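The values are calculated or read from the model by the stated rules, or taken from the named source; none is laboratory data. As the structure is a computational prediction, the values presented were derived from the model and not from experiment. Every residue, glycine among them, receives a Cβ derived from its backbone with ideal geometry; neighbour counts consider all protein chains shown.
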Amino acid sequence: IQLAYLTLAQARGLSFSVEIDPDLPAWVFGDPLRTRQILANYLTNALKFTEQGGITVRVRALTRNSQGSAGEWVHVEVADTGPGIALDQQERLFQPFTQADESTTRRYGGTGLGLSICRELATLMGGE
């Protein structure tokens, strides 16, 4: 995934980096296909909405998730220098067929399903 998105980012004049926590175990339990699908969706959105600057993927190990559940967890974050989303709009983005506002659909297209699918897949794998 790193090489594919590095190439796409560079083609758009964007920087692309991946930061992996050295404490991350060499092997983690999970569905690699669905994890790749979630990451690809987030990265595609980052590329779509970032016109300048760059995209960073951060992967780190956690011993507790945000709900306080103990265990071995992996936290994956995609950060970009795109326009961002107002706090009051963020939760809506994870609802099916929803985008930040109608101008987003007109300008960038899309169905508004990607993030809701990501949330559902993460939940089915025991994540958030």
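Just one of the numbered conditions (1) more than 26 Å from W73 (Cβ to Cβ); (2) modelled with pLDDT under 90 is not true of D23; which one?
Every condition holds for D23 apart from (1).
In region 71-92, how many are in a loop (DSSP other than H, G, I, E, B), aliphatic (A, V, I, L, M) and either surrounded by 12 or more Cβ atoms within 10 Å (Cβ to Cβ) or at pLDDT 80 or above (or both)?
Total meeting the criteria: 1.
Looking only at region 93-119, how many residues end up being farther than 17 Å from L43 by Cα and either at pLDDT 80 or above or surrounded by fewer than 16 Cβ atoms within 10 Å (Cβ to Cβ) (or both)?
9
Can you name the residue in region 8-38 that is in contact with a helix residue (DSSP H, G or I) (Cβ under 8 Å, 6 or more places away or on another chain) and in a helix (DSSP H, G or I) and is also nearest to E128 (Cα to Cα) among such residues?
The extreme case among them is I38.
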